[in-house]
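Below is one structure, written out as C-alpha cells; comments come after it.
The values are calculated or read from the model by the stated rules, or taken from the named source; none is laboratory data. Every value quoted in this text rests on a predicted model; they were computed, and no experiment measured them. Cβ placement follows ideal geometry from the backbone for every residue including glycine, while neighbour counts extend to all protein chains displayed. Just so you know, the surface numbers come from the protein's heavy atoms only, side chains and all, with ligands and any DNA or RNA stripped out. Shrake-Rupley method; radii C 1.70, N 1.55, O 1.52, S 1.80 Å.
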Amino acid sequence: MRLFLSIWMLLLIFTTGQAQDEAAHRKAYLERVVGVETHKDTTRVHDPVMIRENGKYYLFTTGWGISVFSSDDQITWKRERPVFDEVPEWTREAVEDFKGHIWAPDIAYYKGQYHIYYSISSFGKNTSAMGVATNKTLDPDSPDFEWVDHGKVIQSVPGETDWNAIDANFIVDEAGTPYLSFGSFWGGLMLAQLTPDGLSLAQEVDDLTVLATRQTSTNAIEAPFIIQKDGFYYLFASFDFCCRGAESTYKVVVGRSENLAGAYFDADGQSMLEGGGTLVVEGGERYAGAGHNAVVSFDGVDYLVFHAYDMERDGNSYLRILPIEWENGWPKVEAVY
C-alpha cells in the first residue's frame with residue numbers, strides 16, 4: 001500500500017509540475033506575441049475565418065485556446081489574446097490527449113451574438129468533438145466582451161461513427177434554420193441541423209446528411225464551407241493533404257446546389273458525392289498547398305480566406321486573402337503563386 005501511495009504521489013507531482021511548466025510556457029509565449037503586428041503576407045495562420053464588426057476585421061484560427069487577430073484594413077494584423085485563457089473542462093474528458101490546441105474555428109453572428117464553433121481532436125483519428133462559445137461583441141475593450149462556453153455540440157467516436165467531428169461551418173437556410181457542416185476524411189463531409197439557439201444538435205447523430213465524399217481509400221476531403229448566393233448554395237471543400245509543409249497538396253474545390261442538403265454538383269455536372277469538385281485555388285511554384293478556406297463578403301466584394309504553405313519560408317503556413325470573381329455562376333480566384 002505504501003509503495004502504491006508513493007507511486008501515486010510521484011505521478012501527481014510529475015503531472016502537476018508538467019501542467020505548471022506548460023502554463024508558464026504559454027504565458028511567456030502570449031506575452032511575446034499579443035499586440036505584435038504583422039503584414040497579411042507575414043501572418044502565420046492555419047484554418048483562418050474572418051468577420052467584421054464596427055469596421056474592424058477579426059481572424060480566428062487554429063491555435064492554443066483559438067488564436068485571434070484584428071485589423072483595420074485586412075493588411076496589418078495585430079495578435080489578440082486567445083478566445084480561451086483556460087480550455088473548457090469538457091474538452092479534456094472528450095479527448096483524453098487534448099492539451100489545448102484547438103482546431104479550425106468558425107465564427108458567425110446569429111441572433112444578436114457571435115457564435116464560435118471549434119474542434120478538438122487526436123491527430124489522425126476521429127476521436128474528435130466540436131464545441132461552441134458565444135460573445136456579445138468581438139471588441140476586447142468593450143465591457144460586454146466575454147466568451148461564454150456552452151460545451152460540446154457533437155462528438156465522433158472510432159468504431160461508432162464513420163465521420164470526423166472537426167472543421168465546423170455554420171450556415172442558416174432560407175427558412176432561418178441553423179445547420180452545421182463539418183467533416184474530415186472518413187465518410188466525408190456531413191450536415192447536421194441545430195436547435196434554434198445554435199447551441200446543440202436538433203437531430204440524432206445516426207441521421208446526418210452526407211454532403212460530399214471522394215469515395216477513395218483515403219477520402220482526402222475536409223473543411224466544408226457553405227455560402228448562399230444568387231439562388232444557389234455553394235459548398236467549398238479542401239481536397240488532398242494539409243500540414244506537410246512544402247509537401248502539402250491542399251487545394252480548394254466547389255460545387256453548388258439549389259438545396260442546402262444537396263446534392264452538390266461541380267461545373268461539369270459531377271456530383272460531390274462521387275468525388276466531384278470544380279477547382280478554385282491550388283498551390284504552385286511559391287506555395288505548395290492552399291486550403292481550408294472561408295468565404296466572406298464585405299462592401300459587395302467576396303473574398304476567399306485560406307492558408308498556404310510557403311516553400312520559401314520553410315513550408316510554414318501563411319494567411320491569404322484574395323478577391324473572388326464570378327463567371328457564369330462559378331467562383332474564380334486570380335492567384336499568383
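At R0 = 25 Å, how high is the FRET efficiency between LEU201 and GLN228 if r is their beta carbon distance? Nearest 0.05 is fine. My answer for the efficiency is 0.70. Compared with the dominant principal axis of the Cα atoms in the chain, helix 2-33 is inclined by about 50°.
A cut-off of 5 Å between modelled amide H atoms, ignoring neighbours fewer than 5 places along the same chain, links ASP302 with ILE324.
A cut-off of 5 Å between modelled amide H atoms, ignoring neighbours fewer than 5 places along the same chain, links ALA165 with SER128, SER156. Given a 1.4 Å probe and every protein chain left where it sits, what share in percent of the accessible area of region 211-337 is carbon and sulfur? Answer for region 211-337 is 42 percent, counting heavy atoms of protein chains only.
Which net charge results for the neighbourhood of ASN54, defined as the other residues with beta-carbon distances under 12 angstrom from its beta-carbon, given Lys and Arg at +1 and Asp and Glu at -1?
-2
Normalised by the number of residues in region 126-175, the mean separation of alpha-carbon contacts (under 8 Å, six or more apart) gives a relative contact order of 43 percent.
Farthest toward the positive end of the dipole of the chain, out of ALA175, VAL296, LEU319, is the Cα of LEU319, where the dipole comes from beta carbon charges about the Cα centre.
Amide H to amide H, with H built 1.01 Å from N, ALA212 comes under 5 Å of LEU189, counting only residues 5 or more places away or on other chains. Any idea how far the Cα center of region 269-337 sits from the one of region 46-72, in Å? Computed from Cα coordinates, the inter-centre distance equals 18 Å.
Taking every C-alpha pair closer than 8 Å and separated by at least 6 residues, the mean separation divided by the residue count of region 207-337 gives a relative contact order of 20 percent. Taking label positions 7 Å along the Cα-Cβ direction at both VAL157 and ALA220, the computed distance is 3.1 nm, reported to one decimal. In a DSSP loop and with at most 15 other Cβ atoms within 10 Å, the GluC sites (Glu not before Pro) in region 197-265 are GLU204, GLU258. Overall, region 29-167 carries a charge dipole of about 220 debye about its Cα centre when +1 sits on the Cβ of Lys and Arg and -1 on the Cβ of Asp and Glu, all other atoms neutral.
Taking 7 Å steps out from each Cα toward its Cβ at VAL33 and GLU146 produces label points 2.7 nm apart.
Show log10 I(q)/I(0) for the chain at q = 0.07, 0.13, 0.14 Å⁻¹, two decimals, from a solvent-free Debye sum over equal Cα scatterers. Treating every Cα as an identical point scatterer, log10 I(q)/I(0) equals -0.29, -0.99, -1.15. The relative contact order of region 132-267, computed from alpha carbon pairs under 8 Å that lie at least 6 residues apart in sequence, is 15 percent.
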